[in-house]
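As structure tokens, the structure follows; a few thoughts come after it.
The values are calculated or read from the model by the stated rules, or taken from the named source; none is laboratory data. Because the structure is predicted, anything quoted here is derived from the model rather than measured. Because the Cβ atoms are built from the backbone with ideal geometry, glycine has one as well, and the counts that use them run over all protein chains shown. Accessible surface areas use protein heavy atoms only, side chains included; no ligands, DNA or RNA. Shrake-Rupley method; radii C 1.70, N 1.55, O 1.52, S 1.80 Å.
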Amino acid sequence: MWKLKHLNREKMRTRRFLSVSLFFVISTWRYCFAQSDNILWYNRPAEHFEEALVLGNGKTGATVFGGFRSDRIFLNDATLWSGGPVDTTASPDVSHLVQQVREALAREDYKTAEQINRKIEGKFSESFAPLGTLYIEQEQEGNAADYYRELDISKAIAKVRYKLDGVTYTREYFVSNPDKIMIIKLSASKPGALNFRVRFTSLLKYATSAKGDILQAHGYAPYHAYPNYMGRVTEPIRFDEAKGTRFSTGIRVKNKGGRVSVSDTSISVSKAKEAVLYISMATSFNGFEKDPVKNGLDSKKLADDQLNTACQKTYEVIKDRHLEDFQRFFHRVKLELNGSATPNLPTDERLKRYAEGATDNSLEALYFQYGRYLLISCSRTEGVPANLQGIWNPYIRPPWSCNYTMNINAEENYWLAECANLPEMHKPFLTFLERLAVTGKHTAKAYYGVDKGWAAGHNSDIWATSNPVGDYGKLSPRSPCWNMGGAWAVTHLWEHYLFSGDRKFLEEKAYPLMKGAAEFCLAWMVRDKDGYLITSPSTSPEAHYVNADGFRGATFYGGSADIAMIRECLDQTIKASALLNVDAGFRDSMKTSLKQLLPYRIGKKGNLQEWYYDWDDEEPQHRHQSHLYGLYPGHQITPGKTPELAQAARRTLEIKGDQTTGWSKGWRINLWARLKDGNRTYKMYRELLTYVEPDGAKRTNYSGGGGTYPNLLDAHPPFQIDGNFGGAAGVVEMLVQSDDEGVYLLPALPDAWRSGTVTGICTRGGFEISMKWESGALVSVDVLPKVGGKCSLHYKDRSAEFETEKGRKLSLDGDLKWRK
Ligand code: FUC
């Protein structure tokens, strides 16, 4: 009896011990995986794209679903697009129509002007193509337990882990930039338990085959893809074996235990303990002006070479090199808000809780760092900037062709680059402009009759399309008939100079492009009845007016947005030419024109006037706000220097309201920050993080459905990455702003961020700022001069000026005095 009791007690004790240990193990395990500030995690596999985790090395993109029986990974290559080089001989010279539009406008005949303007349209831009999908299939019965999926954005590594029949399976995924390879490591806790098959499919034309122990896929992209917003058209996707960018993929497995067999359609691994997949991808894209077939790169050889070189390295070596490369960028900036305690909840649940009003400062910081993560992951290919979805797209007819939309979206993608200490990631956009200027010279002449400089319209692609799109009159002028793409985009070159102080870059790369854009602007402008310089025809990106006769249209003259962009472009080009001491005569003509630009006007509602006359908007809450360009990203309107205009811009934002698409929220966050209204900025930032159901690209909502998907990608809806970048840039604008007059510390600090620390924020003038604030007040600031020279700091009503030396840090207190 005693023995039995004793045994039972022993059993109970062991059980208790086991359950306590299990609890400890589970909580520690969860803690290890879930508590870092830089982790997105989930307790189930992704079903939709908007739940899947994105990885990339700036060229190769992977979207990981993490299914346990069948894992799906969408593969992309930044250089795989439909189409081929722009054929400038194919576009007819329609520039004579410009005069006809001008004459109609001079008669105030807007209907006729609109009709003729529509004829100044050319071919559509091309589309970013999906490379393929990888499936990892395991023949396993039953349901997985303890499923866990994460993306560690400080490592750019995704992980999946689950238990099945007492065996723990794990997968680790990353895409290495230094080794140009995607790696997936699969392992099982029990020897021989790993059995799976790898398959590749694609929506493009392709074939797979076995070459030794490699599974290969070769294929080609369409020679033309019609934009999805044109709805049903005959043969929207056109393939021709003799045309289109080629792509190649090679997959090889290195295994521990078990065996590997390769067929023409798959690779199978059986009875292994561990297996590492090496996946290489390449395309024949050889530059915007080269035919990808006749003068293309050898994608097969490239993919082979990348695979062979990578396979000579172990998984550990590739991983170490990947971490070193990625973290060199990622760790430059740190942000902590109010102590940033991270709740132990899956990211989608955190997002839902947050949308219901919960406080989650760590999620706010995570969203900011996620923007930086995305930019490092998608923007590292010379001349090939991040598109509307970065580099992650599964569709053959993606939303808006997944292209470069130059009337906001392409630029918004790069608002984060300089200030968040990622100038290297800005380069793909800056080098793209060199290409845009080449086709843009033709566009200026053939579409606008201007034989000086270059112009770009509202849509572009990897081929540097610059003409107004619309397929020769199929679109309303409100989007395509806008030619300020060049004027806007070149401001990024000047900004890169301001942040880096790189005079060589300014002289050799930036200035020639800036000058070309400015030359076009000068030649394009005409005089209004009062002698002011204006554009005619003009449109205000994607908006419609209602004129005095009740006519609703897009074509008019003297648009405030055009003039704001020209003002910024001329101002910067004047400064650049003076600094470089070149083109004195041209500088004088720019100065004269700058003074004669139509000034800003304030409308009857107290708003900043968008149209030449004080007309109503067809949609007062329209998502675009291009006439506020001078407030952000420009530097013409500030509450200090132009209080009336700042007040009018504020009124415009109030009339527009806060409900808008993702990218538009991203822009408004920055606009409110420049108005130095921290609480309103924060309100919009919170709204950008509104949970949006993951439902694929099914719904396009133009009026107010913007927010964030479970995988923290921005919802226009559908997914559009610019909102991520705009939102993250807005965080910087709340904490640090800079212009010609210096650096402003905590200029729009919201009450909700009472204390915090930030390191590594960059400013114009080449300073790196790290600071700490408590109870809403600045405690300390370190300024690291990367260039040297005068540094003016402003905090609330305090200002201080320092002469700095490159590399010698200033350590100041909250009064901007030297710290003891
Ligand atoms: C413009 C915007 C849309 C969308 C698209 C890519 O047409 O008005 O909202 O962002 O670009």
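Take the solvent-accessible surface of the protein heavy atoms, probe 1.4 Å, and return the percent of it on the stretch 772-820 that carbon and sulfur atoms account for. Walk me through the numbers on the way to the answer.
Details: 1380 of 2990 Å².
Reported share for carbon and sulfur atoms: 46 percent.
Ranked highest first by average number of other Cβ atoms within 10 Å, how do 73-80, 87-94 line up?
Numbers: 73-80: 26.8, 87-94: 12.5.
Result, highest mean first: 73-80, 87-94.
What is the helix-to-structure angle for 560-580, meaning the angle in degrees between its Cα long axis and the longest Cα principal axis of the chain, kept from 0 to 90 and rounded to the nearest 10?
Taking the Cα atoms of the chain, the angle to 560-580 is about 90 degrees.
Translational diffusion coefficient, Stokes-Einstein: compute it for the chain using the Kirkwood radius over C-alpha pairs as Rh, at 25 °C and 0.890 mPa s, and state it as an integer in µm² s⁻¹.
Numbers: Rh = 28.0 Å.
My calculation gives 88 µm²/s for D.
Using the Karplus curve 6.51 cos²θ - 1.76 cosθ + 1.60 with θ = phi - 60°, what ³J(HN,Hα) values do you get for each residue of the stretch 370-383, in whole Hz, with x for Gly and Pro?
After applying 6.51 cos²θ - 1.76 cosθ + 1.60, I find 5, x, 5, 4, 5, 5, 4, 7, 10, 10, 9, 10, 3, x Hz.
Starting from the 7 Å offset along Cα-to-Cβ, what nm value, one decimal, do you get for the label separation of ASP93 and LYS119?
Here the modelled spin labels are 1.6 nm apart.
In the calculated pair distance distribution of the stretch 449-574, what percentage of Cα-Cα distances lie above 24 Å?
Here the long-distance tail beyond 24 Å is 32 percent of all Cα pairs in the stretch 449-574.
Round to a whole angstrom and tell me the spacing of the C-alpha centers of the stretch 461-524 and the stretch 545-603.
Result: 14 Å between the Cα centres.
Based on the mean of other Cβ atoms within 10 Å per residue, sort peptides 776-784, 462-470, 731-739, 284-292 so the most packed one is first. Kindly include the intermediate steps, with their values, before the conclusion.
Values: 776-784: 17.3, 462-470: 27.4, 731-739: 24.2, 284-292: 19.9.
So the peptides 776-784, 462-470, 731-739, 284-292, ranked by packing, come out 462-470, 731-739, 284-292, 776-784.
Relative contact order for the stretch 724-816: what percent, with Cα pairs under 8 Å and sequence separation of 6 or more? Write down the numbers at each step before the final one.
Numbers: 194 pairs, mean separation 20.5, N = 93.
Reported as a whole number, the value is 22 percent.
By how many degrees, 0 to 90 and rounded to 10, does the Cα axis of helix 722-735 deviate from the longest principal axis of the chain?
80
Any chance you could check the Cα centroid distance between the stretch 52-102 and the stretch 320-383 for me, in angstrom?
That distance is 26 Å.
Can you tell which of PRO537, THR79, ALA584 lies farthest toward the positive end of the dipole of the chain, using +1 and -1 charges on the Cβ of basic and acidic side chains (Lys, Arg; Asp, Glu)?
Farthest towards the positive pole: THR79.
Counting residues in the stretch 302-441 as N, plug N into 2.2 N^0.38 Å and put the Cα Rg over that result.
So the Cα radius of gyration is 1.29 times the expected 2.2 N^0.38 Å.
GLY727: net charge of surrounding residues, Cβ under 12 Å, Lys/Arg +1, Asp/Glu -1, itself excluded? Write down the numbers at each step before the final one.
Numbers: positive: ARG372, LYS665, ARG668, ARG686; negative: GLU364, GLU412, GLU687, ASP714, ASP722, GLU733.
Combined, the nearby Lys, Arg, Asp and Glu give -2.
If you line up the long axis of helix 678-688 against the longest principal axis of the chain, both from Cα atoms, how many degrees apart are they, to the nearest 10?
Approximately 60 degrees, to the nearest ten.
Got a sec? Charge dipole of the chain, +1 on Cβ for Lys and Arg, -1 for Asp and Glu; which of GLY231, GLN99, MET684 is way out at the positive end?
MET684
For the chain, what is the accessible area per residue in Å² when the probe is 1.4 Å?
Details: 30510 Å² over 820 residues.
It amounts to 37 Å² per residue over the chain.
Please go through the residue pairs LYS529/LYS641; LYS155/LYS683; LYS159/LYS683; LYS185/LYS300; LYS427/LYS591; LYS641/LYS790 and name each one whose alpha carbons sit more than 26 Å apart in this structure. It would help to have the intermediate numbers written out before the result.
Details: LYS529/LYS641 29 Å; LYS155/LYS683 30 Å; LYS159/LYS683 33 Å; LYS185/LYS300 24 Å; LYS427/LYS591 29 Å; LYS641/LYS790 21 Å.
Going by Cα-Cα distance, LYS529/LYS641; LYS155/LYS683; LYS159/LYS683; LYS427/LYS591 fall outside the 26 Å limit.
For the chain, what does -39500 (n - 2.57) per DSSP helix run (n ≥ 4), summed and divided by total residues, give at 222 nm, in deg cm²/dmol to the nearest 500? Don't jump to the answer; show the numbers that get you there.
Working: 19 runs with 259 residues, N = 820.
Result for the chain, helices only: -10000 deg cm²/dmol.
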